[in-house]
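Take a look at the structure below.
The values are calculated or read from the model by the stated rules, or taken from the named source; none is laboratory data. Values in this document were obtained by computation on a predicted structure and should not be read as measured data. As a convention, Cβ positions derive from the backbone with ideal geometry for all residues, glycine included, and neighbour counts pool all protein chains shown.
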Amino acid sequence: MDRRTLLGTTAGLGLAGLAGCSTLAKASVSPPNVPTEAMEDAGWEQTDSSERTLIEQSYGPVTFTAKGYTTTHTDATLNERIQESTLGRVTGRLALFSATRIDFSPDVGNLPGGVGREEVLNEVEASAREQFRNRLTDAGLSNVERIGTGSFDVATGESASLTEYEATYDVPTFEFPLENDTTVTIDGDSLTVRGDLAVWHHGDYALVAGGAWVGENFARSMSQDVSDAITVSVDINLGLEPETYREEVHGFMRQTE
């Protein structure tokens, strides 16, 4: 089955992007290099970009900064199919990918006081995890939990630190009109959402790449009496393929550099 085929009706997720922390960067930072051609071929579009200062800390006479440039992308083709299938009633985003390149000044290997690459990367990773969790919560997801950690091989040659997340998205109850002012009510339910976040150091900069996707399909069968003589049966199958979405997002993560 084509992963973009939606059967019956469907619902979307309002997933926001990964981002950095607070202050606008004072100098330009190179954007992350993501697999743009592959993403465009799959129907993905860039929806946002931002440049921010992640860390600014003094070590004696030296001020160390870590500045990040983030790009956020969404599956526009899938979004359009969602809207069409729900007659415009659901306009959220179903799948998201985001990447951040972090430049250091001075280089992390030249910090005074014995501070080195591992300490800085640990701080960057903690910040990335916090921002990822906050963004999922801000997007309306509930029960956001970190469910595991591991490693993730990337095309730049390193083994990235991987953090796995799980959350839930509440599909709202909505109605579709029939004739004679009669409507069919489709009860909402919760969908599991999965997310992975990878962080690694490459050369003189660090990279953060991750995304979120629906972790299960949604299928229901229901019937509703619309008169004494008529019963309407409705079969709902969103046609969601979580493993396909996961592999796609992982492919984008792996090719980020």
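Below, the figures for the structure above:
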quantity	calculated
Identity of the residue in the stretch 40-64, among the hydrophobic types (A, V, I, L, M, F, W, C) and assigned to a strand (DSSP E or B), that ends up surrounded by the most Cβ atoms within 10 Å (Cβ to Cβ)	Leu54
Residue satisfying all of: in the stretch 218-257; outside any strand (DSSP E or B) and among the β-branched types (Val, Ile, Thr); surrounded by the fewest Cβ atoms within 10 Å (Cβ to Cβ) among these	Ile230
Test: residue in the stretch 128-144 that is over 30 Å from Gln224 (Cβ atoms), of a type outside the set (Phe, Trp, Tyr) and part of a strand (DSSP E or B)	yes
Any hit, the stretch 217-225, residues being closer than 15 Å to Leu94 by Cα and within 22 Å of the chain's Cα centre (by Cα)	yes
Count of the stretch 127-155 residues which are over 26 Å from Gly251 (Cβ atoms) and small (Gly, Ala, Ser)	2
Criterion violated by Lys67 - all others in (1) of a type outside the set (Val, Ile, Thr); (2) surrounded by 13 or more Cβ atoms within 10 Å (Cβ to Cβ); (3) closer than 25 Å to Ser28 by Cβ; (4) modelled with pLDDT under 85 satisfied	(4)
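Residues checked against (1) closer than 15 Å to Leu238 by Cα; (2) without any contact (Cβ under 8 Å) to a residue 60 or more places away in the chain:
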position	(1), (2)
Gly157	no, yes
Glu164	no, yes
Asp189	yes, yes
Arg194	no, yes
Val214	yes, no
